[in-house]
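Peer 1: First the structure, which I've put down as structure tokens, then a few questions once you've had a look.
The values are calculated or read from the model by the stated rules, or taken from the named source; none is laboratory data. Because the structure is a prediction, the values reported are computed rather than measured. Ideal geometry is used to build each Cβ from the backbone, glycine not excepted, and the neighbour counts take in all protein chains shown. We work out accessible area using only protein heavy atoms, side chains counted, and drop any ligands, DNA or RNA first. Shrake-Rupley method; radii C 1.70, N 1.55, O 1.52, S 1.80 Å.
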Amino acid sequence: MRVLTLIMAAMLMSLGQLTAQSKKKSSDKNSEKMDTTKEHYTFQLSDKVTRQKVTFKNRYGITLSGDLYLPKNAGNEKLSALAISGPFGAVKQQSSGLYANQMAERGFAAIAFDPSYTGESGGEPRNMASPEINTEDFSAAVDFLGLQDKVDRNKIGIIGICGFGGFALNATAVDKRVKAVATTSLYDMTRVMSKGYNDSVTPEQRTKTLEDLGQQRWKDAETGKPADGSRNLPETLKGDEPQFVKEYFDYYRTPRGFHVNSVNSNGAWLITNPISFMNMPILNYVKEISPRPMLLIAGENAHSRYFSEDIIKTANEPKELMIIPNAVHVDLYDKIDVIPFDKLDTFFRKSLK
């Protein structure tokens with residue numbers, strides 16, 4: 001089961017993640033101060049923006065929960081709009097909501113939404129992910145935006161954060177209504193789950209993982225329900241974890257980014273969750289985003305930087321890769337002084353005109 005453990009760790013965006021989980025309650029002061037209420041947001045709503053809870057259905061009939069952010073001074077003009085989601089395992093009260101808040105402050109209509117099977121969105125069983133359904137979730141958000149009176153349906157773009165960067169690119173490739181796409185701290189979840197971090201999984205390891213997943217299916221069939229995997233992040237760190245794990249912990253397991261609904265903050269993916277990712281690469285058609293513009297943003301010191309660099313080599317023009325000096329992967333989750341919101345503003349204003 002060692003390789004299966006590694007693949008499950010990849011669900012949190014990388015291999016080599018935690019194999020030993022602490023069961024004891026944390027005595028860390030930060031943990032004691034974490035807000036565990038569902039209405040908690042990890043950022044302050046701008047006084048220039050309104051936020052409204054909304055729901056909409058995707059093509060599979062799953063009801064998605066979102067927050068619609070609108071600039072207060074928009075008047076009667078039709079707005080350019082953005083559908084925003086991510087990171088993988090996060091909820092709309094975390095990074096995607098922060099991005100929507102910032103972009104609405106700059107004059108865009110923006111919806112941050114919980115993906116299917118997670119957060120306040122519908123879908124059973126819980127804590128599942130799917131490269132196809134999570135791609136569809138973006139298109140469903142585009143459906144919703146295009147029906148709003150304040151939105152110009154010919155001026156809709158997408159922002160995907162972390163693992164939802166891959167789904168954002170896939171959605172843009174297949175959904176020609178999307179006029180532009182931007183990603184931050186991009187992760188291709190199908191690539192990392194099938195091949196490992198930096199494509200390090202051998203064919204023999206992959207075969208063993210698939211065999212383990214098949215055996216788990218027998219167990220799930222016998223019990224009548226899918227089994228949960230290990231907690232994505234522990235209550236406390238031991239101190240010998242890889243640096244990127246410490247960075248994830250610093251966001252998801254402290255008041256900085258903790259939310260009770262977030263799988264990464266407070267839960268586990270199903271053990272069999274990787275199955276749909278193992279042989280369904282989502283970025284085979286990234287060239288078909290062209291001639292619509294693409295902006296990829298990554299931290300200089302991010303362990304995930306290679307995903308953005310590889311996609312920018314593959315994609316057709318117009319495309320741009322922006323590397324943020326000294327930034328790590330999670331800096332682009334919530335650090336307003338690091339995330340280039342002015343660049344995102346300029347990119348979408350030009351692209352959605």
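Peer 1: Filter segment 42-63 down to the residues that are open to solvent by less than 30 Å² (accessible area, probe 1.4 Å) and in contact (Cβ under 8 Å) with a residue 60 or more places away in the chain and list them by number.
Peer 2: If we filter segment 42-63 for residues that are open to solvent by less than 30 Å² (accessible area, probe 1.4 Å), which is where we start, we get 43, 46, 49, 54, 56, 58, 62.
Selection gives Phe43, Val54, Phe56, Asn58, Ile62.
Peer 1: Within segment 161-181, identify whether any single residue is among the acidic types (Asp, Glu) and out of contact with any helix residue (DSSP H, G or I) (no Cβ under 9 Å at 6 or more places or on another chain), and answer yes or no. It would help to see each step written out before you state the result.
Peer 2: Let us first name the residues in segment 161-181 that are among the acidic types (Asp, Glu), namely 175.
Okay, now just the ones that are also out of contact with any helix residue (DSSP H, G or I) (no Cβ under 9 Å at 6 or more places or on another chain), so none.
No: zero hits.
Peer 1: Sticking with this one: List pairs: first in segment 248-268 and part of a loop (DSSP other than H, G, I, E, B), second surrounded by 24 or more Cβ atoms within 10 Å (Cβ to Cβ) and among the basic types (Lys, Arg), Cβ under 9 Å, 6+ apart or cross-chain?
Peer 2: Asn261/Lys92
Peer 1: Counting only residues that are of a type outside the set (Phe, Trp, Tyr) and open to solvent by less than 10 Å² (accessible area, probe 1.4 Å), which one in segment 303-314 is farthest from Ile156 (Cα to Cα)? Show your work before the answer.
Peer 2: Looking only at segment 303-314, we keep the residues that are of a type outside the set (Phe, Trp, Tyr), and these are 303-305, 308-314.
Cutting the leftovers down to open to solvent by less than 10 Å² (accessible area, probe 1.4 Å) gives us 304, 308.
Numbers: Ser304: 27, Ser308: 22 Å.
This residue is Ser304.
Peer 1: Six or more apart or on different chains, Cβ under 6 Å: which pairs go from a residue in segment 188-201 that's over 16 Å from Thr272 (Cβ atoms) to one that's assigned to a helix (DSSP H, G or I) and open to solvent by 30 Å² or more (accessible area, probe 1.4 Å)? Could you list them?
Peer 2: Going by the 6 Å Cβ cut-off, the qualifying pairs are Val201/Lys195.
Every residue, every condition in (1) modelled with pLDDT of 95 or more; (2) touching an Asp or Glu at 6+ places or on another chain (Cβ under 7 Å); (3) open to solvent by less than 10 Å² (accessible area, probe 1.4 Å); (4) basic (Lys, Arg), yes or no:
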position: Gly239; (1), (2), (3), (4): no, no, no, no
position: Pro242; (1), (2), (3), (4): no, no, no, no
position: Ile289; (1), (2), (3), (4): yes, no, yes, no
position: Gly299; (1), (2), (3), (4): yes, yes, yes, no
position: Asn316; (1), (2), (3), (4): yes, no, no, no
position: Ile324; (1), (2), (3), (4): yes, yes, no, no
position: Leu344; (1), (2), (3), (4): yes, no, yes, no
position: Arg349; (1), (2), (3), (4): yes, no, no, yes
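Peer 1: OK, next. Glu39 fails exactly one of the following numbered conditions: (1) modelled with pLDDT under 95; (2) of a type in the set (D, E, K, R); (3) crowded, with 20+ Cβ neighbours inside 10 Å. What is the number of that condition?
Peer 2: (3)
Peer 1: Check Arg126, Arg153 and return the single one that is open to solvent by 20 Å² or more (accessible area, probe 1.4 Å) and without any contact (Cβ under 8 Å) to a residue 12 or more places away in the chain. Give the steps one after another, and end with the answer.
Peer 2: Working: Arg153 fails: without any contact (Cβ under 8 Å) to a residue 12 or more places away in the chain.
Testing whether each residue is open to solvent by 20 Å² or more (accessible area, probe 1.4 Å) and without any contact (Cβ under 8 Å) to a residue 12 or more places away in the chain leaves just Arg126.
Peer 1: Just give me the residues in segment 250-265 being open to solvent by 10 Å² or more (accessible area, probe 1.4 Å) and more than 16 Å from the chain's Cα centre (by Cα), in sequence order.
Peer 2: Correct list: Asp250, Thr254, Pro255, Arg256, Val260.
Peer 1: Follow-up question, since we're still on this one. Which residues, taken from segment 298-349, are polar (S, T, N, Q), assigned to a helix (DSSP H, G or I) and out of contact with any strand residue (DSSP E or B) (no Cβ under 8 Å at 6 or more places or on another chain)? Please lay out each step first, then the result.
Peer 2: Taking segment 298-349 and keeping what is polar (S, T, N, Q), we get 301, 304, 308, 314, 316, 326, 346.
If we keep only those that are assigned to a helix (DSSP H, G or I) too, we end up with 308, 314, 346.
Thr314, Thr346 - these are the residues of segment 298-349 that are polar (S, T, N, Q), assigned to a helix (DSSP H, G or I) and out of contact with any strand residue (DSSP E or B) (no Cβ under 8 Å at 6 or more places or on another chain).
Peer 1: What number of residues within segment 69-85 satisfy the criterion of being open to solvent by 60 Å² or more (accessible area, probe 1.4 Å) and either closer than 18 Å to Arg153 by Cβ or among the hydroxyl-bearing types (Ser, Thr, Tyr) (or both)?
Peer 2: So the first thing to find is which residues in segment 69-85 are open to solvent by 60 Å² or more (accessible area, probe 1.4 Å), and the list is 72-73, 76-78.
Remaining after also requiring either closer than 18 Å to Arg153 by Cβ or among the hydroxyl-bearing types (Ser, Thr, Tyr) (or both): 76-78.
Of the residues in segment 69-85, 3 are open to solvent by 60 Å² or more (accessible area, probe 1.4 Å) and either closer than 18 Å to Arg153 by Cβ or among the hydroxyl-bearing types (Ser, Thr, Tyr) (or both).
Peer 1: All but one of (1) buried (at least 21 other Cβ atoms within 10 Å of the Cβ); (2) over 13 Å from Phe138 (Cα atoms) hold for Gly66; state the number of the condition that does not hold.
Peer 2: Status for Gly66: all satisfied but (2).
Peer 1: A further question on this structure: Restricting attention to segment 41-69, which residues are closer than 21 Å to Tyr333 by Cα and assigned to a strand (DSSP E or B)?
Peer 2: Val49, Arg51, Ser65, Gly66, Asp67, Leu68, Tyr69
Peer 1: Under 8 Å by Cβ, and 6 or more places apart or on different chains, what pairs join a residue from segment 318-345 that is within 30 Å of Lys287 (Cβ to Cβ) and of a type outside the set (Lys, Arg) with one that is at pLDDT below 95 and open to solvent by less than 20 Å² (accessible area, probe 1.4 Å)?
Peer 2: Close Cβ pairs satisfying both conditions: His329/Met13.
Peer 1: What do you reckon, is Lys225 open to solvent by 70 Å² or more (accessible area, probe 1.4 Å), assigned to a helix (DSSP H, G or I) and farther than 30 Å from Leu79 by Cβ?
Peer 2: Details: open to solvent by 70 Å² or more (accessible area, probe 1.4 Å): yes; assigned to a helix (DSSP H, G or I): no; farther than 30 Å from Leu79 by Cβ: yes.
So Lys225 fails the test.
Peer 1: Let me ask something else about it. Checking the structure you have, find out if any residue of segment 104-122 is open to solvent by 10 Å² or more (accessible area, probe 1.4 Å), on the phi > 0 side of the Ramachandran plot and touching a Ser or Thr at 6+ places or on another chain (Cβ under 6 Å).
Peer 2: Checking segment 104-122: not a single residue is open to solvent by 10 Å² or more (accessible area, probe 1.4 Å), on the phi > 0 side of the Ramachandran plot and touching a Ser or Thr at 6+ places or on another chain (Cβ under 6 Å).
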